[in-house]
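Undergrad: Dropping the structure in here first, questions after.
The values are calculated or read from the model by the stated rules, or taken from the named source; none is laboratory data. Note that the coordinates shown come from a computational prediction; the quantities given were computed from them, not determined experimentally. We place every Cβ from the backbone using ideal geometry, glycine too, and count neighbours over all the protein chains shown.
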């Protein structure tokens, strides 16, 4: 019973670290954020801190920071990448600082999972930013191809990682 509770607590804490990374990067790049959400689905509770909300969803999976996406897209490519990678950077830093602990492993795993180019993950968002910068425009067909190929590459990486580690 204790290991299950530890897994739930460490996952929640690593997720909070991740979202705080996005929030810190957004603040650094002067991109407003209106909400930090932990959990998905119906909201169980909302805490207001000035004009900022922290919400807790019914399903304890997933999290988000609600950013002003229009303003984010107006920032430099470097700033956009920093905001999208802020969570991964925080997870890596905390994972390395707490190296050898269960909490450290959860942070490193969350960073690794989010850097993959899976749809709506941080790696995918960075890929779309770079693709649009290279093309100097948006292209739905190319973004769809990137999304499909990113998912395929992620599956291959997961398959070979599983064979290597297990």
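Undergrad: Of all residues being farther than 16 Å from residue 112 by Cα and touching a helix residue (DSSP H, G or I) at 6+ places or on another chain (Cβ under 8 Å) in the stretch 14-29, which is surrounded by the fewest Cβ atoms within 10 Å (Cβ to Cβ)? Just the residue, please.
TA: The qualifying residue surrounded by the fewest Cβ atoms within 10 Å (Cβ to Cβ) is 28.
Undergrad: As an exercise: evaluate residue 7 against (1) modelled with pLDDT of 95 or more; (2) assigned to a helix (DSSP H, G or I) and give the number of the one condition it does not meet.
TA: Single failed check for residue 7: (1).
Undergrad: Out of 47, 8, report the one residue that is out of contact with any helix residue (DSSP H, G or I) (no Cβ under 7 Å at 6 or more places or on another chain), surrounded by fewer than 11 Cβ atoms within 10 Å (Cβ to Cβ) and at negative phi.
TA: None of the others qualify; the one that does is 47.
Undergrad: Of all residues in the stretch 113-131, which are out of contact with any helix residue (DSSP H, G or I) (no Cβ under 8 Å at 6 or more places or on another chain) and over 14 Å from residue 11 (Cα atoms)?
TA: Scanning the stretch 113-131 gives a single hit, 120.
Undergrad: Looking only at helices (runs of 4 or more DSSP H) that lie completely in the stretch 56-121, which have at least 1 residues being surrounded by 17 or more Cβ atoms within 10 Å (Cβ to Cβ) and in contact (Cβ under 8 Å) with a residue 60 or more places away in the chain?
TA: 77-97, 102-115
Undergrad: Please indicate, with yes or no, whether at least one residue in the stretch 133-142 is in a helix (DSSP H, G or I), in the same structural domain as residue 11 (by TED's automatic domain parsing) and surrounded by fewer than 12 Cβ atoms within 10 Å (Cβ to Cβ).
TA: Within the stretch 133-142, not a single residue is in a helix (DSSP H, G or I), in the same structural domain as residue 11 (by TED's automatic domain parsing) and surrounded by fewer than 12 Cβ atoms within 10 Å (Cβ to Cβ).
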